Amino acid sequence: MNRAFNRKKDKSWMHTPEALAKHFIAYNVKFLGNTEVDQPKGTEVVRDAVRKLKFQRHIKKSEGQKTPKVELQISIYGVKILDLKSKEVQYNCQLHRISFCADDKTDKRIFTFICKDSESNKHLCYVFDSEKCAEEITLTIGQAFDLAYKKFLESGGKDVETRKQIGGLQKRIQDLEAENSELKKQLQVLEEQLMIAPVPPGNSMPSKTPTDVFDMVPFSPMTPLVPLPASNGSPPPPPARPTEMRKDLFGAEPFDPFTCGAADFPPDIQSKLDEMQEGFKMGLTVEGAVFSLDPLDGRC
């Protein structure tokens, strides 16, 4: 691993080992961006990257875009780049993947480091504007390298392997969370489609005639009573009239005042009926007996 801060190894470290081993050192800087480079190290490599990102920053500044501010968290495990307001981690550069770190001699504000991306395996150069503390940040990263190397020797290399496994597990967790979020979105879309889907005509239920409290169809004078069709769809036959009329106890046909009239009897019978009506008025004799309708007459 080539480190540009080896030239400062005669200087004493700025922070205590506990600060970098158990915690982290934070710096607020401006992030110019990152760009892919061909080599994992080299002064000329980072110089070309700085020139390229500075040119892009001037273009964005002319368009009204400001350079984003971020927070750097430096520890023996790596360099984290967080959004200054939301504290969301934008990049997590593990220390064993950083291959080069340097500050610009001509511009005390600029410092860079090259890190190998864990997904694409490409070498990316990160460039920062540090408000004239580029050298201090470079020394802090150098101290983190020195402490991490000592810890590596003490653990016999097991600590690095453990960090690699943890990093792999964290990456797997992020992938599963992204997949879970995508499945939730698809499920929500399917539920919305089911809610707005129309009911097919074949499954529609016939409307039921409303009934009253006695489960009977209410009578409406506006709608005539129509006999219901038979099960085969044909109209029902008219009610059959009885073939013979019922007779009373004496064998005579029942008297119907609505259908019986004077014209229904023969002339001779009608004349006798007339005579009987006259006799009832004045009194009449039947088989030698005299009947009177007068109660004072005394004849029976």
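The values are calculated or read from the model by the stated rules, or taken from the named source; none is laboratory data. Because the structure is predicted, anything quoted here is derived from the model rather than measured. Glycine gets a Cβ as well: all are built from the backbone with ideal geometry, and neighbour counts include every protein chain shown. Accessible surface areas use protein heavy atoms only, side chains included; no ligands, DNA or RNA. Shrake-Rupley method; radii C 1.70, N 1.55, O 1.52, S 1.80 Å.
Figures for the structure shown
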quantity: Flag for M222 being modelled with pLDDT under 60 and exposed (fewer than 10 other Cβ atoms within 10 Å of the Cβ); calculated: yes
quantity: Unmet requirement for Y77, which otherwise passes all of (1) open to solvent by 50 Å² or more (accessible area, probe 1.4 Å); (2) on the phi < 0 side of the Ramachandran plot; (3) without any contact (Cβ under 8 Å) to a residue 40 or more places away in the chain; calculated: (3)
quantity: So L72, is it farther than 16 Å from I110 by Cβ and not hydroxyl-bearing (S, T, Y); calculated: no
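Residue by residue, here is whether (1) out of contact with any Gly (no Cβ under 9 Å at 6 or more places or on another chain); (2) modelled with pLDDT of 95 or more; (3) open to solvent by less than 10 Å² (accessible area, probe 1.4 Å) holds:
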| site | (1), (2), (3) |
| --- | --- |
| L84 | yes, no, no |
| R97 | no, no, no |
| K105 | yes, no, no |
| K108 | yes, no, no |
| S118 | no, no, no |
| H123 | yes, yes, no |
| S130 | yes, no, yes |
| E136 | yes, no, no |
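Quick grid of which residues meet (1) over 42 Å from the mean Cα position of the chain (by Cα); (2) closer than 22 Å to C133 by Cα:
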site: N34; (1), (2): no, yes
site: L53; (1), (2): yes, yes
site: K61; (1), (2): no, no
site: K66; (1), (2): no, yes
site: S75; (1), (2): yes, yes
site: K85; (1), (2): no, yes
site: S99; (1), (2): yes, yes
site: D103; (1), (2): yes, yes
